[in-house]
Amino acid sequence: MADIRDRYDALVIGGGIAGMQAALDLGEQGFEVLLVERTPSIGGVMVGLNKVFPTLDCSSCICTPRMAESAHHPRIRLQTYTEVRRVDAVGTGFRVELDCKPRYLDEEACIGCDECELACPIEVPHEFDDGLGARRAIYIPHGNAIPQKAVLDVEHCIFCGKCERVCPTNCLDFTAQSRTVHVDVGAVIVATGFDILPMGAKPEYGGRLPNVMSPMAMERIQSSNGPYGRVLRPADGKIPRSIAYIQCAGSRDRSIGVPYCSRVCCMYALKQALLLRHYIHDVDVTLYYMDIRAFGKGYEQFYRRAVAEGVKVVKGKVARVTEAENFDLLLRVELLDEGGRVDEHRYDLVVLSQGLIPAWHADGIIDIEEDADGFVHTPEIKLNPSFTTMPGVFVGGVAAGPKDIPDAIVEAGEAAMAAANYLKRFRWRSRTPAAAVAV
Amino acid sequence: MFDATDSAASGSTPGVQAPRVGVFVCHCGGNISDVVDVKRVAEEAARMPDVVFTTTHMFHCSDPGQALIEQKIREHALTRVVVAACSPTLHQITFRRAVERAGLNQYLFEHVNIREHVSWVIEDKEAATAKASRLVRAAVNRARLLVPLDKRRIPIHPAALVIGGGVAGLMAARDLGDRGMKVTLIENRPFLGGRMAQLWNVFPTNEEARPLLSNLVRDVVKHPLITILTGAHVVNSEGVVGDFKTKIKIDARGVDERLTYPGNAIAACPEETISEFDFALSRRKAIYMPYPGCFPPIPAIDWHTCTKCGKCVAAVGGKGINLDAKSRELTLHSGVIILATGYDPYEPLLGEYGYGIFPKVITLQQLHRMLDPEGPTAGALPFDSNTPVRIGFLHCVGARQIDGVNAPQPDGKVKDYCARTCCTAAMHAAVALRERFPKSHITSFYQDMRTYGRGHEEYYEQASQQGVLFVRYSPWHPPRVDKDRTGKWPVVVRTNDLLTDGLPIEVPLDLLVLATGVVPHDISELVTMYSCAVGYDSFLLEVHPKLRPVELAVSGVFLAGCCQGPMDITEACSAASAAASKAAAMISQGQVEMDPFIASVDEEVCTGCQTCLTVCPYDAIVRDEARGLAIVSEALCTGCGTCAAACPSSAIQQAGFNDRQVRAEIDVLLGV
């Protein structure tokens, strides 16, 4: 890969599905794009999902081709494992300072053969599997990662040198340093996505108990390339026979500072629950919800289907989750459709449908405003929903508030269009003639 | 024409190098391999002639999966590639690109669908594996006969046609215009603005709708690259991506800019009809303007109502009004088309929740017209601001309906989808009413409160804090709206409140507002013209909700806004800009690449019988009268194959699907 140039048309911050879509839309329109991702692989959250609602397509089948397209696109330059440190307006364009973190190996030379990973003696909980599986201290992020290059986790490395000895291209470099790079761009798209609310955010729901699970962990467990290869509960490897979902576990809840609806949890819970009905014969899956928000195209029909296929939905407010013997869980709930009767149920597994919070904050990096909820402020939300408070900086995907994959993809397209028109208006040109805007 | 040996490999002919086929079978992360024994499929394919390499992979569409294909093509000098995976609609392009990157012609690739056609529909593992194996072997046999083809490249006429002048259409036009592209925006009503113009105030910013809209209209109107045609209907469409020829009919407006005092003309008109703009809350004249500040800023004549009495003409001294104006037709050339045909609010059936029977049962759209200071009641509701007026909002009218519970619509179906916008819209209106009538009692009859968007939940919270009462009803037992037996109240809503243990309750009301759903605007003619896919919900169907969310299957036709499904204004604008982005990409590339699967006529064999001319649905075949032969127009041929199948002398062959290739596949499928 050629080294990073000093001038591009647009900077896209975040290599998840929204960032990739924005980059592809700009690239297809003839603009030169720098796509910066802070983790070692593009793909974002979506590449780790199992199947996606409402079509039940496998998530990888939608996401990985977009990743490949972004990687192979002649006008998109990927820059992974890199933080955007500062974006300053200069004229109509922007001066960008990047912090390219070291993988501790020569990225050009690494062929992704996995030898170093197999040789490494250190095992660390794997972020990609929400901590359920393990990875080594030197590792390729996951089977679908782009680029397929190893990265050394210097926090956990004991510098035993085993990886270096097996590397066929001799590409390891334990002395590598992070690199500061400056780039000029004409427009910026923020597509920094989200994190799932931490499991401990609502202590009464037992987020720290081994069989109380995050929705991402459930995605990974359900995935064919997941940590267990089948649905088992983490504490004892038992096949769960009864599973409860607690909806709005950290959304629509002022007490933990997340007053907004996270928009996707009803649907991902229904989808996971429906799939659980497929994966485990006669499993009891119950969703305790406030409102079922199946508002997207085909979602209401999906909701009906899930219920028809045996997913139970109960309007109820869960008070607390405690551990019973054998790691089972006791769930205390107020049944709102039964006059507020309080009931206790025992479950093998509980999934907290945790809300979405911003994964990144502009503070100190770009002078754009955020709302009280931490998502990027969009002052013209009705007609120009991708506009931020700074001309030339646009926002797409969940960075501008929770949304599902189709909405994020559409909004990323809109951000790309807005950026394209901004570049056009101020006649920004990246340096090479090939980059000249076609129209 | 073909003897039995002909369906065997061309490669077996002495002197011609045998093809080298590689077969790649995808697990699809378990989607396929949970049911199909992919290893066995690969092993059985390996026994086919000319197959030199087979393998399986967890995700062939991933980058490593694609890299493997490229690597094996080079390593084994493969000349044909067969990938057995998902539907070709999903990833045929993905694999063709991979094949091309490895230096092979992309049409030497064959895609086999063993997911939708096998693993998703067959439970029995043995039967599924047998079917998958046979499909793959058939594809191998066909692949052996594939020949390299070149893509067709069609130049794109650098202009766009946007159909629909609502907020989505305006937005798409503005974006393309700003991008430097020529746009024609057509609207079939006499005025721009669509449904947004009828709203009084919008969530979540509490802005007035029309000033917001006017800014956008102004940008579009003054844009040098955008042409606007109102009262314009699509009559006919010809051509394909790159060169659509759309014939439109433009209604006679009857009025032009020379009319300086439209008020005088309107006042003089003796003919009245109900105002569609005010949802029948008011009446308008035959010569009319829907609201002050509309665009175009001149009246239009509704010819169904006008009697041509001439009073308007007389009132303005004959200037600017022409009652004998004629409609005209013209043909627009465009490389791409954006459909932004919008929605209609659901019109409740007569008597549905008392609608049309009780005058105090209105729709949320009508409430918006009433609250509008420029509306039919000048913003007034028929209540004193000090009276403790009782108002109800009934959610999910014409939405989330259940077959057997709700009465079917004229098309025989129920509206089973969620209309997405009405919960927030109802809460937004409830909050506004509480502010205007502080002593009012407001009750919301709902199923699930779907205030999902950014800033939407706040209205729900505000409504709760302001004392709006929430009654949750079961969709299986929708509320009944009756008249009050005491005669004291205009209507009474009876239901069982799930939140109070199903207690039967009776809520007498002064006004019941039906939060009605969203149905697609009727565009059945366009649907036929462009062969649009339509979903069960009657909205236009995108190619794929995630991969190609704003595109129709017809190349070069894009979707913007509510013609695709319910959206709020924000979402419709996003969709419109996303569609503009795809259209801009297509136009800026200057040409579009098309599959080369077109028909060609073997002039030696053609008898000139004209059978093909009669079957071609695209008028792509003409007869060369001089030579008595059929000739295929490459630009118009879509490669449907109908002519090739119909030709009695097999003189027509379709590239990529010639008789030998198809027979080779069928032979294996039938076990010949």
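The values are calculated or read from the model by the stated rules, or taken from the named source; none is laboratory data. Since the model is a prediction, treat every value here as computed from it, not as a measurement. Here the Cβ positions follow ideal geometry from the backbone for every residue, glycine too, while neighbour counts run over all protein chains shown. Heads up: the accessible areas ignore ligands, DNA and RNA and are worked out on the full protein's heavy atoms, side chains in. Shrake-Rupley method; radii C 1.70, N 1.55, O 1.52, S 1.80 Å.
Table: residues versus (1) open to solvent by 30 Å² or more (accessible area, probe 1.4 Å); (2) within 20 Å of the chain's Cα centre (by Cα); (3) in the same structural domain as residue A:292 (by TED's automatic domain parsing).
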| position | (1), (2), (3) |
| --- | --- |
| A:226 | no, yes, yes |
| A:234 | yes, no, yes |
| A:237 | yes, no, yes |
| A:246 | no, no, yes |
| A:253 | no, no, yes |
| A:258 | no, yes, yes |
| A:261 | no, yes, yes |
| A:268 | no, yes, yes |
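Quick check on this structure: which one of B:156, B:186 is touching a residue at least 12 places away in the same chain (Cβ under 8 Å), under 25 Å from residue A:424 (Cβ atoms), within 26 Å of the chain's Cα centre (by Cα) and open to solvent by 10 Å² or more (accessible area, probe 1.4 Å)? Give the derivation first.
Working: B:186 fails: open to solvent by 10 Å² or more (accessible area, probe 1.4 Å).
Among B:156, B:186, only B:156 is touching a residue at least 12 places away in the same chain (Cβ under 8 Å), under 25 Å from residue A:424 (Cβ atoms), within 26 Å of the chain's Cα centre (by Cα) and open to solvent by 10 Å² or more (accessible area, probe 1.4 Å).
Sort through A:108, A:97 and tell me the only one that's surrounded by fewer than 18 Cβ atoms within 10 Å (Cβ to Cβ) and modelled with pLDDT of 95 or more.
Values: A:108 fails: modelled with pLDDT of 95 or more.
From the options A:108, A:97, the qualifying one is A:97.
I want to confirm something. Restricting to region B:317-349 and keeping residues that are among the acidic types (Asp, Glu) and within 23 Å of the chain's Cα centre (by Cα), which single residue is farthest from residue B:540 (Cα to Cα)? Before you say what the answer is, go through the steps one by one.
Step one: filter region B:317-349 for residues among the acidic types (Asp, Glu), giving B:324, B:329, B:344, B:347.
With the extra rule that they be within 23 Å of the chain's Cα centre (by Cα), the set shrinks to B:344, B:347.
Numbers: B:344: 14, B:347: 20 Å.
It comes out as B:347.
Quick test of your reading of the structure: residue A:86 fulfils all but one of (1) out of contact with any Asp or Glu (no Cβ under 9 Å at 6 or more places or on another chain); (2) more than 11 Å from chain B (Cβ to nearest Cβ); (3) over 26 Å from residue A:169 (Cβ atoms); (4) open to solvent by 20 Å² or more (accessible area, probe 1.4 Å). Name the failing condition by number.
(1)
Looking at region B:442-459, I want the residues that are facing another protein chain (nearest Cβ under 7 Å) and have a partner that is surrounded by fewer than 24 Cβ atoms within 10 Å (Cβ to Cβ) and small (Gly, Ala, Ser) with Cβ atoms under 6 Å, at least 6 apart or on another chain. Which pairs are those?
Pairs that qualify, where the first residue is facing another protein chain (nearest Cβ under 7 Å) and the partner is surrounded by fewer than 24 Cβ atoms within 10 Å (Cβ to Cβ) and small (Gly, Ala, Ser): there are none.
Of (1) surrounded by 20 or more Cβ atoms within 10 Å (Cβ to Cβ); (2) more than 12 Å from chain B (Cβ to nearest Cβ), residue A:123 satisfies all except one. Which?
Of (1) surrounded by 20 or more Cβ atoms within 10 Å (Cβ to Cβ); (2) more than 12 Å from chain B (Cβ to nearest Cβ), only one is false for residue A:123: (1).
Mind checking which residues of region A:38-83 are of a type outside the set (Lys, Arg), open to solvent by 20 Å² or more (accessible area, probe 1.4 Å) and closer than 18 Å to residue A:398 by Cα?
Answer for region A:38-83, where residues must be of a type outside the set (Lys, Arg), open to solvent by 20 Å² or more (accessible area, probe 1.4 Å) and closer than 18 Å to residue A:398 by Cα: A:39, A:44, A:45, A:49, A:53.
Residues in region B:386-423 that are closer than 19 Å to residue B:473 by Cβ and either outside any helix (DSSP H, G or I) or of a type in the set (Val, Ile, Thr) (or both): how many?
Keep residues of region B:386-423 that are closer than 19 Å to residue B:473 by Cβ, which gives B:390-407, B:414-419, B:422-423.
With the extra rule that they be either outside any helix (DSSP H, G or I) or of a type in the set (Val, Ile, Thr) (or both), the set shrinks to B:390-407, B:414-419.
Matching residues across region B:386-423 total 24.
Just checking, which of B:585, B:580, B:572 is out of contact with any Lys or Arg (no Cβ under 9 Å at 6 or more places or on another chain) and facing chain A (nearest Cβ under 7 Å)? Write out each step before concluding.
Working: B:580 fails: out of contact with any Lys or Arg (no Cβ under 9 Å at 6 or more places or on another chain); B:572 fails: facing chain A (nearest Cβ under 7 Å).
Result of the check over B:585, B:580, B:572: B:585.
Looking at this structure, is residue B:162 in a helix (DSSP H, G or I) and either open to solvent by less than 40 Å² (accessible area, probe 1.4 Å) or small (Gly, Ala, Ser) (or both)?
no
Keeping to region B:520-538, report how many residues are within 14 Å of chain A (Cβ to nearest Cβ) and closer than 30 Å to residue B:426 by Cβ.
6
Looking at region A:375-395, can you tell me whether even one residue there is more than 11 Å from chain B (Cβ to nearest Cβ), touching a helix residue (DSSP H, G or I) at 6+ places or on another chain (Cβ under 7 Å), at pLDDT 95 or above and within 23 Å of residue A:257 (Cβ to Cβ)?
yes
When you scan region B:49-147 for helices (runs of 4 or more DSSP H) that lie fully inside it, which ones turn up with 1 or more residues that are within 14 Å of chain A (Cβ to nearest Cβ) and open to solvent by 20 Å² or more (accessible area, probe 1.4 Å)?
Working: elements: B:63-75, B:88-101, B:125-143.
Output list reads B:63-75, B:88-101.
Of all residues in region A:302-316, count the ones that are away from chain B (no Cβ under 11 Å), over 20 Å from residue A:240 (Cα atoms) and surrounded by 17 or more Cβ atoms within 10 Å (Cβ to Cβ).
Here the count works out to 1.
Pick from region B:439-482 the residues that are surrounded by 19 or more Cβ atoms within 10 Å (Cβ to Cβ) and part of a strand (DSSP E or B): which of them is nearest to the chain's Cα centre (by Cα)?
Out of the qualifying residues, it is B:446.
Which one is most open to solvent (accessible area, probe 1.4 Å), of the residues in region A:203-218 that are under 22 Å from residue A:123 (Cα atoms) and either assigned to a helix (DSSP H, G or I) or within 14 Å of chain B (Cβ to nearest Cβ) (or both)?
Among residues in region A:203-218 that are under 22 Å from residue A:123 (Cα atoms) and either assigned to a helix (DSSP H, G or I) or within 14 Å of chain B (Cβ to nearest Cβ) (or both), the one most open to solvent (accessible area, probe 1.4 Å) is A:216.
Kindly state which strands (runs of 3 or more DSSP E) lie completely within region A:322-363 and contain at least 2 residues that are aliphatic (A, V, I, L, M) and closer than 16 Å to residue A:244 by Cα. Talk me through it step by step, then tell me what you get.
Details: elements: A:329-335, A:341-347, A:349-354, A:356-358.
Fully inside region A:322-363 and qualifying: A:329-335, A:349-354.
Quick check on my filter: what residues within region A:287-301 are more than 24 Å from residue A:344 (Cβ to Cβ) and either open to solvent by 20 Å² or more (accessible area, probe 1.4 Å) or touching a strand residue (DSSP E or B) at 6+ places or on another chain (Cβ under 7 Å) (or both)?
Filtering region A:287-301 for residues more than 24 Å from residue A:344 (Cβ to Cβ) gives A:293-301.
Of everything in region A:287-301, those that are more than 24 Å from residue A:344 (Cβ to Cβ) and either open to solvent by 20 Å² or more (accessible area, probe 1.4 Å) or touching a strand residue (DSSP E or B) at 6+ places or on another chain (Cβ under 7 Å) (or both) turn out to be A:297, A:298, A:301.
Would you please name the residue that is farthest from residue B:441 (Cα to Cα), looking only at residues in region B:483-496 that are touching a residue at least 40 places away in the same chain (Cβ under 8 Å) and in a strand (DSSP E or B)? Give the derivation first.
Taking region B:483-496 and keeping what is touching a residue at least 40 places away in the same chain (Cβ under 8 Å), we get B:483, B:489-491, B:493, B:495.
Those left that are additionally in a strand (DSSP E or B): B:491, B:493, B:495.
Numbers: B:491: 14, B:493: 14, B:495: 17 Å.
Out of the qualifying residues, it is B:495.
Within region A:340-373, restricting attention to residues that are among the β-branched types (Val, Ile, Thr) and surrounded by 15 or more Cβ atoms within 10 Å (Cβ to Cβ), which residue is nearest to the other protein chains (Cβ to nearest Cβ)?
To start, the set of residues in region A:340-373 that are among the β-branched types (Val, Ile, Thr) comprises A:342, A:350-351, A:357, A:365-366, A:368.
Pick out the ones that are also surrounded by 15 or more Cβ atoms within 10 Å (Cβ to Cβ) and you get A:350-351, A:357, A:365-366, A:368.
Values: A:350: 22, A:351: 20, A:357: 14, A:365: 22, A:366: 20, A:368: 16 Å.
Top of the filtered list is A:357.
For residues that are open to solvent by 40 Å² or more (accessible area, probe 1.4 Å) and more than 10 Å from every other protein chain (Cβ to nearest Cβ), scanning just region B:539-553, find the one that is nearest to residue A:61 (Cα to Cα).
Keep residues of region B:539-553 that are open to solvent by 40 Å² or more (accessible area, probe 1.4 Å), which gives B:541, B:543, B:548, B:553.
This time we only want the ones that are more than 10 Å from every other protein chain (Cβ to nearest Cβ), so: B:543, B:553.
On the way: B:543: 15, B:553: 19 Å.
Among those residues, the one meeting the criterion is B:543.
What number of residues in region A:252-291 are assigned to a loop (DSSP other than H, G, I, E, B) and among the β-branched types (Val, Ile, Thr)? Can you show your working first?
Of the residues in region A:252-291, the ones assigned to a loop (DSSP other than H, G, I, E, B) are A:252, A:257, A:259-264, A:280-283, A:290-291.
Retained after the next criterion (residues that are among the β-branched types (Val, Ile, Thr)): A:264, A:280, A:283.
Total meeting the criteria: 3.
Read through the list (1) within 14 Å of chain B (Cβ to nearest Cβ); (2) not in a loop (DSSP other than H, G, I, E, B), then give the number of the only condition that residue A:149 fails.
That leaves (2) as the condition not met.
Checking residue A:415 against (1) assigned to a loop (DSSP other than H, G, I, E, B); (2) facing chain B (nearest Cβ under 9 Å): exactly one of these is not met. Which one?
(1)
Name the single residue, out of those in region B:503-519 being buried (at least 22 other Cβ atoms within 10 Å of the Cβ) and of a type outside the set (Val, Ile, Thr), that is farthest from the chain's Cα centre (by Cα).
First, pick out the residues of region B:503-519 that are buried (at least 22 other Cβ atoms within 10 Å of the Cβ): B:509, B:511-519.
Next, only the ones that are of a type outside the set (Val, Ile, Thr) stay: B:509, B:511-512, B:514-515, B:517.
Values: B:509: 39, B:511: 36, B:512: 33, B:514: 26, B:515: 24, B:517: 17 Å.
The qualifying residue farthest from the chain's Cα centre (by Cα) is B:509.
Of the residues A:284, A:337, A:328, only one is within 11 Å of chain B (Cβ to nearest Cβ), surrounded by fewer than 24 Cβ atoms within 10 Å (Cβ to Cβ) and not β-branched (Val, Ile, Thr); which? Please lay out each step first, then the result.
On the way: A:284 fails: within 11 Å of chain B (Cβ to nearest Cβ); A:328 fails: within 11 Å of chain B (Cβ to nearest Cβ).
Of A:284, A:337, A:328, the one residue that is within 11 Å of chain B (Cβ to nearest Cβ), surrounded by fewer than 24 Cβ atoms within 10 Å (Cβ to Cβ) and not β-branched (Val, Ile, Thr) is A:337.
Any chance you could count how many residues in region B:588-623 are modelled with pLDDT under 90 and within 14 Å of chain A (Cβ to nearest Cβ)?
Total meeting the criteria: 2.
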